[in-house]
Amino acid sequence: MKRNLFLMALLALMLTGCNGLSKMKSNAHKVRYQANPNPVETMDDKVVVKFTGQIPEKYFKKNCAVFVQPVFTWEGGNIPLEPITLKGEQVAGDGTVIDYAKGGRFTYSDMFDFKPGMETGRVVLNPVGYKAKNTNEDARFADDVKRDNKGVEFGPVLIADGVNNTSSWVDIKGNISISPINYNKSQGIVETADIYFLNGTSDLDWNFQMNQKFDAQGSLQHLKRVMLEQGLPKQISITGWASPEGEETNNVGVSKNRADVATAQLNKILDEVLDVMARRAKVKPQDVAYYKYQQLKKLIITTRASGEDWVHFVVMVEASEIQDKHAIINIVETQQNLVKREQMIRNMAEVYTELKDDIFPNLRRAQIALYYSEARKTDAELAKQASLNPAKLTFDELMYAAYINYNYDTKLKYYKWATENHPQEWAAWNNAGAIAFYLEDYDEAERYLNVARDLNPHNPDILNNTGLLCLAQKDYALAKYYFEEAKRQGSNDADANIPILNLKRGNYEEAQKAMKGNPCTYNLAFAQLMNDQAGTAIRTLDCCLDQNADVNYLRAVCYARQGDKTNCLKNLKASIDDNYEYKKKAAVDTEFKEYWDDEEFKLIIKLW
């Protein structure tokens, strides 16, 4: 009889346990899960999964435990995340206790490396409940609990749908530091004289403001006095330039006409000088013409129409006090299309007004230069020699050839030649490292910059570039050290790069405050967007000098967050027109999730 009572009690206990677990499974839908945010987001190239679970009262049985393991699944596979265990009040061992009477709340957080293609992935889980006196602390996966504890699956739960990777769009290129170029183009030139012209014309007007300001007529008379004192030079070069405005073909013609005007003025001066020289040499009147002919035969006169003077434009902007001069120079160096280049510079009205008033008038000119020793090579000659046989150039010539070349791959080739032929020159190693970094060849950048630091360990340019490299390599502590040391050594570039560290770390408010002195920049707009200031970010992007694919794409995201479909799709199309790769990006970008089924959106991102 006692045996029968014991068996009945044991059976009742087992049924109670099973019924409790079964009841938890049947009521599993009452447990509320909330991902924050949803879709989940990346931070520093890692997917961050955060969610909370709200368990209702009288749900969680006192003698039960639940194994909770989120799984991230996408087309490339699945990643089981770190599991947690919830347990009833009577269960011993590790785990979060959930009160039966009151219910409870739990939080979850984990992260893993982001890979391209994960944008459309999902975070799911399938809780496994089991009856236990102790939690299964050795379990790493749900199958362990199902096998060892006869666990029961409660059913799949979708926690989050998609991955927002906007945090990765920080521009980490920052301000690279190019070491100063010591090439002196004017070596061998005794004197120069410049004649200035009104915009778009080649009419000679000695009363023109610029000619009055620089005493153009007086400069020409000075050339005459120099030749009367020292004789004819070995070479005279005449160069015509135009400011970088309007159509390039027109500017080439204008610069040629300006060079012709300067040639006519030179011919008058030479005629007067040779008359005086003939009298000094007591040449008979009937022989003066032949004497002049013989003297001119010895003189080399070159005339060039150089078109738009972008080289001197960069030099003058770099030496100016214009607030956004680094952004202007970056446009010149990176945008090969001259029409787009000029339009980008025009987009910022305030800056363009300064250029129009203070820079452009100095570029609309023709120059006469007298050489009494061997003249330096022209920019075109340097570029040709650097491409054919850079070993024949001096170190300074090679560095200058790299500086004036607007193609970054070619720049790197020239700087590399400089390191190979002049290995003790730290500037060559630094500049090669800076350009390699800009081209995202971080292994090469590290190799060049390591040598540069060995040669000149405290140079601010090298320290700043090394900081940028550490930033790209995600060694933020070391990047901070190098930036701060470079700043202490006087680097303005490093001071501008420090806020990028905060952007990568997600300290958007601090980064935004630090960038107030650099308005109209992509990274400032990015910080504003991440601080939920989409409208402010749009205004910042609107005044960016370089209206490129990145700027248009970020602006499309801003409008998407504001629910402005028209402007969102308009900017998205502009971005894709500039960079075809953005079609693929937009197609899986959760920022545009609301428009994924929209016919106009699908037409824009259609992959042909």
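Some points to look at:
- Aspartates and glutamates whose Cα lies under 16 Å from that of Lys30, excluding same-chain neighbours fewer than 8 positions away: Glu57, Asp99, Glu153
- For the stretch 154-162, 3J(HN,Hα) per residue [Karplus equation, 6.51 cos²θ - 1.76 cosθ + 1.60, θ = phi - 60°, Hz, x = Gly/Pro]: 8, x, x, 10, 8, 8, 8, 10, x
- Dipole of the stretch 330-432 [Lys/Arg +1, Asp/Glu -1 at C-beta], most positive-end residue of Ser373, Leu338, Tyr403: Leu338
- Dipole in debye (nearest 20) - the stretch 444-590, about Cα centre, beta carbon charges: Lys, Arg +1; Asp, Glu -1: 460 debye
- Asp550 - accessible surface, heavy atoms, 1.4 Å probe, Å² rounded to 10: 70 Å²
- Share of carbon and sulfur in the accessible heavy-atom surface of the stretch 299-413 [1.4 Å probe, %]: 49 percent
- Principal axis extents of the C-alpha atoms in the stretch 59-130 (largest first, rounded to whole Å): 45, 20, 19.
- Annotation: per residue accessible area for the stretch 26-185 equals 50 Å², rounded to a whole number [probe 1.4 Å, protein chains only].
- Panel note: the C-alpha atoms of the chain, placed on their principal axes, show extents of 155, 52, 41 Å (largest first).
- Under-5 Å amide H pairs with Glu191, H placed in peptide plane, nonlocal only: Leu370
- Greater than 25 Å apart at Cα, pairs in Lys356/Lys487; Lys115/Lys411; Lys325/Lys565; Lys480/Lys516; Lys58/Lys133; Lys234/Lys416: Lys356/Lys487; Lys115/Lys411; Lys325/Lys565; Lys234/Lys416
- Accessible surface for the stretch 507-608, divided over its residues, is 48 Å² per residue with a 1.4 Å probe.
- Förster-model FRET efficiency, 45 Å R0, Glu89 and Asp161, C-beta, rounded to 0.05: 0.85
- About the centre of its Cα atoms, the chain shows a dipole size close to 1400 debye [charges on the beta carbon of Lys, Arg (+1) and Asp, Glu (-1) only; nearest 20 debye].
- Counting only protein chain heavy atoms and rolling a 1.4 Å probe, the accessible areas of Ser373, Ser177, Ser168 rank, largest first, as Ser373, Ser168, Ser177.
- Between Ser26 and Glu75, the FRET efficiency from the beta-carbon distance, with R0 = 35 Å, is close to 0.55.
- Of Asp379, Asp357, the residue with the largest accessible area leads and the full order is Asp357, Asp379 (1.4 Å probe).
- Sequence-separation-based contact order of the chain, relative, with Cα cut under 8 Å and 6+ spacing, percent: 12 percent
- The share of C-alpha pairs in the stretch 46-98 whose separation exceeds 18 Å stands at 44 percent.
- Radius, Kirkwood style, for the stretch 404-456 when every pair of distinct Cα atoms is counted (Å): 10.6 Å
- Here, P(r) means the percent of Cα pairs in each 10 Å bin from 0 to the largest distance; for the stretch 348-441 it is 15, 33, 26, 23, 3.
- Prolate/oblate/rounded label for the stretch 220-267 (Cα gyration tensor, a/c 1.5): prolate
- Calculated SAXS-style log₁₀ I(q)/I(0) at q = 0.14 Å⁻¹ - the stretch 546-603, Debye, Cα scatterers: -0.29
- Over the stretch 486-580, all Cα pairs binned in 5 Å intervals from 0 give whole-percent P(r) values of 3, 15, 22, 21, 18, 11, 6, 2, 1, 0, listed from short to long.
- Dipole axis of the chain (+1 Lys, Arg; -1 Asp, Glu on Cβ), positive-most option in Val254, Tyr183, Ala281: Tyr183
- Take 101-112, 583-594 and order them by the average number of nearby Cβ atoms within 10 Å per residue, most first; the result is 583-594, 101-112.
- Taking amide hydrogens as placed 1.01 Å from N in the peptide plane, the amide H of Leu232 sits under 5 Å from that of no residue at least 5 positions away in sequence or on another chain.
- In this simple spin-label approximation, Lys474 and Leu388 carry label points 7 Å from Cα along the Cα→Cβ vector, and these lie 4.9 nm apart.
- Summed over qualifying helices (DSSP H, 4 residues or more, each -39500 (n - 2.57)) and divided by its residue number, the chain shows a 222 nm mean residue ellipticity of -15000 deg cm²/dmol.
- Inter-probe distance in nm under a simple model that places probes 7 Å from Cα toward Cβ, at Glu600 and Gln230: 6.8 nm
- Cleavage-rule hits, GluC sites (Glu not before Pro), the stretch 90-193, DSSP coil, Cβ neighbours within 10 Å at most 13: Glu137
- Backbone HN-Hα couplings from phi across the stretch 517-532 [Karplus 6.51/-1.76/1.60, Hz, Gly and Pro as x]: x, 10, x, 6, 10, 4, 5, 5, 4, 4, 4, 5, 4, 5, 8, 6
- A cut-off of 5 Å between modelled amide H atoms, ignoring neighbours fewer than 5 places along the same chain, links Ala160 with Val123.
- The stretch 443-460 - phi-based ³J(HN,Hα) in whole Hz, Karplus 6.51/-1.76/1.60, Gly and Pro as x: 5, 5, 4, 5, 4, 5, 5, 4, 5, 4, 5, 5, 7, 8, x, 10, 6, x
- The modelled label-to-label distance between Asn507 and Asp203, using points 7 Å beyond Cα along the C-beta direction, is 6.0 nm.
- Largest-first ordering by accessible area, 1.4 Å probe, given options Met210, Met530: Met530, Met210
- Using every pair of distinct Cα positions in the stretch 220-317, the Kirkwood expression returns a hydrodynamic radius of 15.3 angstrom.
The values are calculated or read from the model by the stated rules, or taken from the named source; none is laboratory data. Here the structure is a predicted model, which is why all the values come from computation and not from measurement. Positions of Cβ are backbone-derived with ideal geometry, glycine not excepted, and every protein chain shown enters the neighbour counts. When the accessible area is computed, the model is the full protein with side chains, heavy atoms only, and any ligands, DNA or RNA have been set aside. Shrake-Rupley method; radii C 1.70, N 1.55, O 1.52, S 1.80 Å.
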